[in-house]
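Below is one structure, written out as structure tokens; comments come after it.
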């Protein structure tokens, strides 16, 4: 059956999807109450629910009355999603979360529905559970119903099935029945004040034993863990959004340490342009951005995860360091197509060719991470010191090589990459004893002098590459982080040029692809908008920094999540969701602009 022919399968605009994450995997839920995306057991595993990109599978919990409007929010400092549905006769409230603590071999999805107000006869709730492992290629077996004990005297019906190397258990829906296609469907009625808990477990054959499906304890522990993991942000600019950014970054970070760039694959940056990539892997650059942002606020666990994961990769691979890995540090697989229709305007690719590239700026971001972490004692760790030395040596041996750069394009002598390593070398040197600082400081001067000779235009503006004088918004970040002396006029000139040539309506584009208007080629890059907030603040114009921050902070949909790009004309999100590095730069900006 084609996706468009299925009940409730039409996609929503990306801005409308909510995200649930537990660090090992993530789910997207539509305003209709459909879980449309979930890979299990891991981020880069095959999807069990792939409706988002035209595949099969859904898990829907929603009012039976189709005449409805919905809204929602996240409980502060968590990824617990609360939705409120107003129908013609009743008001429903749902809560949804991936349960904590996380387990790489087992996920538990909690869904809770209650009626806030309604008729005395009750209001109906509709359920559909239709798992399709392996992007629909691994058909699950038939559903079996049994009774399981949840407490000393309590038993409850549990539905079980298996397929694709996964085992599923679902409780809370005794009314459900299998249909001819293998989906469980049912309805139940709740009166005002009543509540129903639904618990779905998906585990591998390696999972040890069957975990508890008792909802009360699962909810209590999940909320306790969120309170423990996400710090208070009351002293920051936009404290609620800053705390949300922390929660999103935690939800994207595995217990193995790696943080995925986003939870999804193949969502289009611009319809029909072919820029549709799999971001379910850990980019060292993105993880460094997150670590730097957290370090600016305090010595929180996300900083430890970033430093530990990056250090392990640097020590393992040295000069052969790749920009991206799986969250457990393995190689990223090559791209392949799934044979699905894809999200409208997008594709169905999994895997990513970037895992085979050399990107010099990765070393620069790693060095900046170590310098930021040094303020919280991380350079006292022997492995971190060794990794910093390895990164300095790698820059020393490779800074003159053409490479793919931040935007993962053709190999050229990219300006941003050189400025990034200059920033990292200088920042590291400032954290070292004078004798140890001499080497990275001298190397920084050498790289900067050569880059200035090859990439600085006669008008004092940094071009994007040695053979390309056009401006690139990527240059903003090293300028914001102290790449140049404070009295170097090229910083202000470059910022002015980027604002003139790459900014529209308070948003910033990466670079000009061709002669078309900026918005015709791609969306504004929210990462670059927050870079602009940081660099204008460094140049001493805090009111302008506030304006850039607030403009780009507003570029989200109802769930207040950020994708990679923002379509300025249509006010829509573009690219994979939620994008980690945008949340990281929002957090860093919220810290810096509150100082």
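Brief remarks follow.
- With 0.36 nm allotted per residue and the present C-alpha distance subtracted, the residue 319-residue 470 stretch has 51.4 nm of extension available.
- Mean residue ellipticity, 222 nm, helices only, the chain: the sum of -39500 (n - 2.57) across DSSP H runs of n ≥ 4, divided by residue count and rounded to 500, is -10000 deg cm²/dmol.
- Nearest-0.05 FRET efficiency for residue 137 and residue 409, computed from C-beta distance (R0 35 Å): 0.55
- Gyration tensor (alpha-carbon) shape descriptor, the range 1-146, a/c threshold 1.5: prolate
- Acute angle (nearest 10 degrees) that the helix 415-429 long axis makes with the longest principal axis of the chain, alpha-carbon atoms: 80 degrees
- Kirkwood Rh and Cα Rg combined as Rg/Rh, the range 471-595: 0.95
- Along each principal axis, taking the top coordinate minus the bottom one, the Cα set of the range 239-361 gives 44, 39, 24 Å in descending order.
- Sorted by Cβ density within 10 Å, fewest first, the residues 547, 510: 547, 510
- Residue 520 versus residue 376: modelled label distance in nm, points set 7 Å from Cα along the beta carbon direction: 4.6 nm
- Rounded to 10°, Cα long-axis angle of helix 215-229 versus longest principal axis of the chain: 10 degrees
- The range 158-187 and the range 362-429 have Cα centres lying 50 Å from one another.
- Helix axis angle, 239-251 relative to the chain longest principal axis, alpha carbon, degrees: 80 degrees
- As a calculated quantity, the FRET efficiency between residue 212 and residue 570 at R0 = 35 Å, using C-beta atoms, amounts to about 0.15.
- Alpha-carbon Rg with Dmax, taken over the range 318-474, Å: 17.8, 59
- Fewest-first ranking of 158, 568, 471, using other Cβ atoms within 10 Å as the exposure measure: 568, 158, 471
- Between the range 31-57 and the range 68-86, the C-alpha centres lie 20 angstrom from each other.
- Spacing of the two label points (7 Å from each Cα toward its C-beta) at residue 436 and residue 331, in nm: 3.4 nm
- Linear extension gain, residue 457 paired with residue 393, 0.36 nm per residue minus alpha-carbon span: 20.1 nm
- Part-to-part distance (alpha-carbon centres) for the range 265-306 and the range 453-480, which is given in Å: 24 Å
- Per-selection Rg to Rh, the range 523-593 - Cα, Kirkwood hydrodynamic radius: 0.97
- Among 308, 348, the order by Cβ neighbours within 10 angstrom, fewest to most, reads 308, 348.
- Which label in [x] 25.3, 87; [y] 24.6, 81; [z] 26.0, 91 gives the computed Rg and Dmax of the Cα atoms in Å: [y]
- Contour minus Cα-Cα distance for residue 449 and residue 554 (0.36 nm per residue): 33.9 nm
Each value in this text was obtained by applying a stated rule to the coordinates, not by laboratory testing. Keep in mind that this is a model prediction, so the values were computed, not measured. When we count neighbours, we look across all protein chains shown, and the Cβ atoms used for this are built from the backbone with ideal geometry, even at glycine.
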